[in-house]
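K.L.:
Have a look at this one before I ask anything.
The values are calculated or read from the model by the stated rules, or taken from the named source; none is laboratory data. Not measured: the values here are computed from a predicted model. Glycine also receives a Cβ, built like all others from the backbone with ideal geometry; neighbour counts cover every protein chain displayed. Side chains are part of the model used for accessible areas, which takes the heavy atoms of the whole protein and leaves out ligands, DNA and RNA. Shrake-Rupley method; radii C 1.70, N 1.55, O 1.52, S 1.80 Å.
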Amino acid sequence: MKYVLVTGGVVSGLGKGVTASSIGLLLQACGLRVTSIKIDPYLNTDAGTMSPFEHGEVFVLDDGGEVDLDLGNYERFLDLTLTCDNNITTGKIYQHVIDKERRGDYLGQTVQIIPHVTDAVQEWIERVAMVPVDGKEGPADVCVIELGGTIGDIESMLYVEALGQFSYRIGPGNFCLIHVSLVPVINVVGEQKTKPTQHSVRELRGHGLTPNILACRSSKPLEENVKAKLAQFCHVPAENIVTLYDVPNIWHVPLLLRDQKAHEAILKGFNLQGVAREPNLKEWTARTEISATLHDPVRIAMVGKYTGLSDAYLSVLKALLHASVACHRKLVVDWVAAGDLEDVTAKEAPEVYKAAWDLLKDADGVLVPGGFGDRGVQGKILAAKYARENKVPFLGICLGMQIAVIEFARSVLGMVDANSTEFDPETTSPCVIFMPEGSKTHMGGTMRLGSRRTYFNVHMRICTCLHKLHDSSNKYGNVAFVDERHRHRYEVNPDMISQLEDAGLSFVGRDETGRRMEIVELPSHPYFVGVQFHPEFKSRPGKPSALFLGLIAACRHSNTNLQNNGHVVKPVTNGMSNGHVMVKTHQNGHAFMTSNGLLNGVYSNGNGVHL
């Protein structure tokens, strides 16, 4: 097993996750099998209880692991199915060591950071690296490890020490360290400054780790004299110094690394030149090249609670992007804070209220993503009502599906107090209830999590739009069931299903018991779909989620685009087209960096986000 470690220096948010994903993709393109591990130095056991405002979205894995969003990047770039053990946290490591101490496994020793905790880190890495995650038998060839945080942080010192020991133990021919650092440009003089990277590498070497490759983040390619200076002071060959300069979208990063021969430096260090081939990135390159040629926009109003931080809905944004490229449309996402649609905002801030409703009414489609808590719920209900009554394509995910059911019960069934017991425990019309297996005392890991099977109801007439979508999509196909990832504590009340269906809703997808609702549709609507699961977590650049494809296709007028002379028109699911997706980031006319450190293809005019 070969190991590639990606660390970061100077500042956080440089794009270590994207760099690690891109390195993995490049090695895959050379014919090697790859697995990934993310190390997060925080004391939380997992990301499940962390605020999206602070940490971005919680990414959910097939096995129910609630993990850092970087694992979502790994899965999307590398098309892997990772496990919760692929995300190491300090909380997990300490819990593991304490459990061993309580069992008496240390035989009376004084348990210390060194060697017991550092040994536990190394054992965890070696164990997880051997687990296949690409659907094939046997271990991968290379494990890419990303160390979260910044070199010099107290929280990550434990891992720096453990990885220093690890690199010495397995030998230099099996270990490659890529250090991602910042080379800023001082605007006054326009000069690229190397001193921050020099200090970062000096600190790294002081802890027993020497970088083999420097990946330098900068606004433009490094000048040759700058590379020479870094090579001299950081003891890294000039040919092993690559520039990760600002690009239109993160799909360009693997191509930057390939063009600068990063794979050759890695393969040479591993002595694998005779085993690996030249990287084959034809499909990836084609998908990236079309990213500048899409011009016909499709506007999606994202009505949510955490609209102040786009990373809170990162996988939803990526799934929309995958689908829009497949449907030959330039994606424009308008962020609508759900609370701004409510009557109280109309009284307190009428201009904000009007702006929010203008965005909603100008959109081609409406998406209500998942969330928790009652803030903004009434605004989401109003958005669902607007989409239903005005035949605007609508997709509700998790809470978004529950919102759609509540709105239908209020508006169509006349249940004025219809609600979820999450928001009103005393409601007399509980459309959404707490699941009996959930816990009301412990938050972490107590939801219905991970991959679950949804069966389509073959005895019920399926909405024409979704039925055609199943037939036309490589994601679902004409199948009896689908496996999708879940993360929820509440569900649609099974005792109210007959009333809702009699009034026109169709619950076309259910769990194996038939009592837990998974997919709801409104047959009389061009595209009004709610799902209890999270389809965004399994969307890939070349394999977009069927439900997001359906939303985008419906926004293009579903009858025209999904059906042609009675035959289903298949969207281009490999991302190849004459079109392209724009991916740059501007707000109020000024460029800003996304939290992954790379320009992520977002143009903003007011609240609009163009991907």
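K.L.:
Could you sort the peptides 52-65, 313-326 by per-residue average Cβ neighbour count (10 Å cutoff), highest mean leading?
P.N.:
Per-residue Cβ counts within 10 Å, averaged per peptide and sorted highest first, yield 313-326, 52-65.
K.L.:
Something else: Just to be sure I understand: of the beta bridges DSSP finds with both ends in the chain, what percent are antiparallel, rounded to 5?
P.N.:
Details: 35 of 86 bridges.
About 40 percent, rounded to the nearest 5.
K.L.:
To continue, here is another question. Given Cα pairs under 8 Å that are at least 6 residues apart, what percent is the relative contact order of the chain? The partial results should precede the final answer.
P.N.:
Numbers: 1316 pairs, mean separation 100.6, N = 611.
Relative contact order comes out at 16 percent.
K.L.:
Using a 1.4 Å probe, what is the accessible area per residue for segment 164-267, in Å²?
P.N.:
Details: 4520 Å² over 104 residues.
Here the residues of segment 164-267 average 43 Å² of exposed surface.
K.L.:
Strictly over 23 Å apart at the Cα level, which of K220/K330; K16/K380; K330/K543; K2/K261; K227/K318 would you flag in this model? It would help to have the intermediate numbers written out before the result.
P.N.:
On the way: K220/K330 26 Å; K16/K380 35 Å; K330/K543 18 Å; K2/K261 19 Å; K227/K318 34 Å.
From K220/K330; K16/K380; K330/K543; K2/K261; K227/K318, over 23 Å: K220/K330; K16/K380; K227/K318.
K.L.:
Just want the answer: with Cβ charges of +1 for Lys and Arg and -1 for Asp and Glu, which residue in S291, Q260, L244 is farthest toward the dipole's positive end in segment 237-379?
P.N.:
Q260
K.L.:
Spelling out what I want: for every residue of segment 232-241, take phi, set θ = phi - 60°, compute 6.51 cos²θ - 1.76 cosθ + 1.60 (Karplus), and round to whole Hz; glycine and proline get x.
P.N.:
Using θ = phi - 60°, the values come out as 5, 8, 9, 6, 10, x, 4, 6, 9, 10 Hz.
K.L.:
Contour minus end-to-end for Y168 and E512, with contour as 0.36 nm per residue of separation and end-to-end as the Cα-Cα distance?
P.N.:
Values: separation 344, 0.36 × 344 = 123.84 nm, distance 5.08 nm.
Full extension from Y168 to E512 adds 118.8 nm.
K.L.:
Sum up the charges of everything whose Cβ sits under 14 Å from the Cβ of C216, counting Lys and Arg as +1 and Asp and Glu as -1, but leave C216 out. List each step's numbers first, then the result.
P.N.:
Working: positive: K16, K193, K195, R217, K220, K227, K229; negative: E223, E224, E239, D246.
Result for the local shell: +3.
K.L.:
List, in order, the whole-Hz ³J(HN,Hα) value for each residue of segment 254-259 obtained from phi through the Karplus relation with A = 6.51, B = -1.76, C = 1.60 and θ = phi - 60°; use x for Gly and Pro.
P.N.:
Going residue by residue, I get x, 6, 4, 5, 5, 5 Hz, with x marking Gly and Pro.
K.L.:
Based on the alpha carbon coordinates of segment 62-173, what radius of gyration and maximum Cα-Cα distance (Dmax) apply, in Å?
P.N.:
Spelled out, the Cα radius of gyration and Dmax of segment 62-173 are 15.2, 46 Å.
K.L.:
Angle, helix 350-362 long axis vs. longest principal axis of the chain, Cα atoms, 0 to 90°, nearest 10?
P.N.:
So the inclination is approximately 90 degrees.
K.L.:
Roll a 1.4 angstrom probe over the protein heavy atoms and tell me the percent of accessible area of segment 352-417 that is carbon or sulfur. Intermediate results must be reported in sequence, preceding the final value.
P.N.:
Values: 1170 of 2220 Å².
So the carbon and sulfur contribution to the accessible surface is 53 percent.
K.L.:
Separate question: May I ask you to evaluate 6.51 cos²θ - 1.76 cosθ + 1.60, the Karplus curve with θ = phi - 60°, for each residue of segment 126-141 and list the ³J(HN,Hα) values in order in whole Hz, giving x for glycine and proline?
P.N.:
For segment 126-141, the Karplus-derived couplings read 5, 5, 5, 4, 7, 7, x, 10, 10, x, 10, 8, x, x, 6, 8 Hz, x marking Gly and Pro.
K.L.:
Let me check I've understood the local charge: for A276, count other residues with C-beta under 14 angstrom from its C-beta, Lys and Arg +1, Asp and Glu -1. What total comes out?
P.N.:
Values: positive: K2, R33, R258, K261, K268, R277; negative: D141, E264, E278.
Within the 14 Å Cβ shell, the charges total +3.
K.L.:
Would you pull out the residues with amide H under 5 Å of E484's amide H, same chain only if 5 or more places away, H placed 1.01 Å from N?
P.N.:
Residues meeting the criterion, in which the H sits 1.01 Å from N, are R452, T454.
K.L.:
How do F537, F233 stack up against each other in accessible area, from largest to smallest, with a 1.4 angstrom probe? Mind dumping the intermediate values first?
P.N.:
Numbers: F537 10, F233 105 Å².
So, going from the largest accessible area down, we get F233, F537.
K.L.:
What ranking do 298-310, 392-404 get when scored by the average of other Cβ atoms within 10 Å per residue, highest first?
P.N.:
Numbers: 298-310: 23.1, 392-404: 26.3.
For the peptides 298-310, 392-404, the packing ranking is 392-404, 298-310.
K.L.:
Can you tell me which of 511-523, 341-353 comes out highest on packing, and rank the rest after it, using the mean Cβ neighbours within 10 Å?
P.N.:
On the way: 511-523: 19.1, 341-353: 14.3.
The most tightly packed comes first, giving 511-523, 341-353.
K.L.:
Still on this structure, please answer the following. By how many degrees, between 0 and 90 and to the nearest 10, does the Cα long axis of helix 314-326 differ from the longest principal axis of the chain?
P.N.:
Result, in degrees: 80.
K.L.:
Only one of the listed values, (i) 28.8, 105; (ii) 25.0, 77; (iii) 35.5, 115, was derived from the coordinates as Rg and Dmax of the Cα atoms in Å; which label is it?
P.N.:
The calculated read-out lines up with (ii).
K.L.:
What percentages, rounded to whole numbers, describe P(r) for segment 165-209 computed over all alpha carbon pairs with 10 Å bin width beginning at zero?
P.N.:
Answer for segment 165-209: a P(r) of 24, 37, 24, 11, 4 percent.
K.L.:
Could you look at segment 46-141 and say what percent of its accessible area is carbon and sulfur, using a 1.4 Å probe and all protein chains? Don't jump to the answer; show the numbers that get you there.
P.N.:
Working: 2110 of 4180 Å².
Whole-percent figure for carbon plus sulfur exposure: 51.
K.L.:
When Lys and Arg each count +1 and Asp and Glu each count -1, what net charge do the other residues less than 14 Å away from P196, Cβ to Cβ, add up to?
P.N.:
Numbers: positive: K193, K195, R202, R217, K229; negative: E191, E203.
Charge balance in the 14 Å sphere: +3.
K.L.:
Something else: Report, in degrees rounded to the nearest 10, the 0 to 90 angle that the Cα long axis of helix 399-411 makes with the longest principal axis of the chain.
P.N.:
For helix 399-411, the angle is close to 10 degrees.
K.L.:
How would segment 340-389 be classified by its alpha-carbon gyration tensor: rounded, prolate or oblate, with rounded meaning a/c under 1.5 and the a/b versus b/c comparison settling the rest?
P.N.:
Working: a/c = 1.96, a/b = 1.11, b/c = 1.76.
Since a/c reaches 1.5 but b/c is at least a/b, the shape of segment 340-389 is classed as oblate.
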